[in-house]
Structures are given as structure tokens and as C-alpha cells.
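*Asks:* Below is one structure. I have some questions about it.
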Amino acid sequence: MSLCEVVEKDSVIAELVDLGKRKDLEIIIKPFKSRARGLMVGKTIAIRKGLSIEEMRYTLAHEMAHAYLHSDKGNTIFSEKHSEYEEQADRAAMMLLDLLEKKKALN
């Protein structure tokens, strides 16, 4: 499924993509060779092709959290604070998705 198809199908992902545009992020869906579900390189967030809508939501929200919270840190995968940054992105993703779900329910 292409990003356009996902955005048309799911209003929460559409909102996340809009948030990404505000930060000049490019969001793509593509096959991965690794087991990762998502990653951010520079201003591009890549989401693994073939994820369910729920997995895409969470993965995109998680990577968006990194974009907003950790973009000034560079590549953090080998940082001694990597686990801390992942926990922060997880918490922020859950809060963001909760907020977007509540907004969706009001509309």
C-alpha cells in the first residue's frame, strides 16, 4: 500500500503525515532488508512496507517523536542514551496517538 492510499484510509496517519510536513519531513513506505519497522535518516522517515495500519500508526508516531525530540542528537543508535531516547519516543508516540484517537472520536 502506498502512503497516499494509507492516508486516504486512516485519518490518524493523515494527521501524523501533516505533522511531518510541518517539520519538513518526507515520509515514505518501502521494503526493508532489516527487521526494523521504521527509521529516520536526516529529514526522511521510512516505514516498513507491509505493516498493519495499527503498526504503521505506532511506528510513524514513534519516528515522529524522534524527529521532534532527538533530531539534534544525530545518530543515537550507538549512544549510551539510546535506550532512554527510545523510551522517550515510545511515551511520546503513545501520548500522540491517544490525543489523535480522542480527536478522531470527537469528529
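*Asks:* Consider LYS43 against the criteria (1) surrounded by 18 or more Cβ atoms within 10 Å (Cβ to Cβ); (2) touching a Leu at 6+ places or on another chain (Cβ under 6 Å); (3) charged (D, E, K, R): it satisfies all of them except one. Which criterion is unmet?
*Replies:* (1)
*Asks:* Looking at region 35-94 only, could you name the residues that are over 13 Å from the mean Cα position of the chain (by Cα) and under 21 Å from GLU8 (Cβ atoms)?
*Replies:* Passing the criteria: LYS49, GLY50, SER52.
*Asks:* For region 27-79, which residues satisfy the criterion of being closer than 19 Å to MET1 by Cβ and polar (S, T, N, Q)?
*Replies:* Across region 27-79, the qualifying residues are THR44, SER52, THR59.
*Asks:* All but one of (1) part of a loop (DSSP other than H, G, I, E, B); (2) of a type outside the set (Ser, Thr, Tyr); (3) modelled with pLDDT of 90 or more; (4) surrounded by fewer than 18 Cβ atoms within 10 Å (Cβ to Cβ) hold for GLN88; which doesn't?
*Replies:* (1)
The values are calculated or read from the model by the stated rules, or taken from the named source; none is laboratory data. This is a predicted model, so every value here is computed, not measured. Quick reminder, even Gly has a Cβ in these numbers, built from the backbone with ideal geometry, and neighbours come from all protein chains shown.
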